[in-house]
Structure formats: C-alpha cells, structure tokens
Amino acid sequence: MTTATTGDGKYLYAIINCPPAREFRIRGIGERGDPVHTINHERLAAVVSDSPMIEYENSRRNMMAHTLVLEEVMEEFDLLPVRFGTVAPDAEAVDKRLLGPRYDEFTQLL
C-alpha cells in the first residue's frame with residue numbers, strides 16, 4: 001500500500017559522478033515503470049525516475065525494484081545510495097536543494 005499526495009516527483013536512487021545526462025535500461029520503482037535517468041549538476045548526477053508523490057511501502061517488490069536500479073548503476077559507476085522511498089518534488093529541487101548545496105561533499109566522497 002502507498003500513501004498518495006499530489007502530482008509527480010522524482011524518486012531518488014543514488015548520486016554518481018557522471019557529467020553527461022544519461023538514461024539507463026532498467027525501469028524505475030512502482031507500477032508505472034518509468035525510465036531511470038540522471039539529473040545532472042556539473043560533474044555530479046542524481047539517478048532518478050519519475051514518480052508519483054507517494055510514500056512507498058517497504059514491500060519486497062518495492063525494495064527489489066530499488067535494489068535492481070542500484071545494481072545496474074553499479075555496473076558502470078561508483079555511487080552514493082539514497083535511502084529507499086526518497087521522492088523529491090521535481091528536478092529543480094534535486095538540483096538546487098541536493099546536488100548544488102552538497103556538491104563538494106558528494107564529489108569528495110565519490
């Protein structure tokens with residue numbers, strides 16, 4: 001079961017070092033199976049998929065979907081995983097409230 005709010009957001013999986021925008025083969029969490037792609041800020045990128053603004057249930061299916069995205073991304077990139085169930089309101093929030101302010105920290109960790 002999920003708890004709905006309103007509109008679409010961006011479900012976050014991980015932070016990677018990846019300057020060009022990128023799409024991955026795997027589909028994202030949830031029944032819609034939205035494409036997994038990046039939101040880029042200089043050399044960093046957040047790995048995301050479009051998602052309703054909902055609270056995801058800690059079900060086996062949802063946890064596996066999240067984990068499978070991380071596994072595919074790890075085939076090519078080192079990553080900083082994002083906690084299961086994290087949904088940002090939009091791409092601008094990911095860029096301006098996450099990647100921008102923590103750019104130096106994330107870059108150093110990667």
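Read the figures in this text as sums done on the coordinates, not as results from a lab. Since the model is a prediction, treat every value here as computed from it, not as a measurement. All Cβ positions, glycine included, derive from the backbone under ideal geometry; neighbour counts span all protein chains shown.
Here is how the numbers come out for the structure above:
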{"quantity": "Helix 60-74 axis, angle to the chain major axis (alpha carbon atoms, nearest 10°)", "calculated": "20 degrees"}
{"quantity": "Packing rank of 35-46, 16-27, where each peptide gets the mean count of other beta carbons within 10 Å, highest leading", "calculated": "35-46, 16-27"}
{"quantity": "Proximal charge balance of residue 43 [Cβ under 14 Å; K/R count +1, D/E count -1]", "calculated": "-3"}
{"quantity": "Per residue Cα convex hull volume in Å³ - calculated over the chain", "calculated": "89 Å³"}
{"quantity": "Environment charge at residue 54 (Cβ cut-off 14 Å; Lys +1, Arg +1, Asp -1, Glu -1)", "calculated": "-4"}
{"quantity": "Cβ charges +1 (Lys, Arg) and -1 (Asp, Glu), total dipole of the chain, debye", "calculated": "160 debye"}
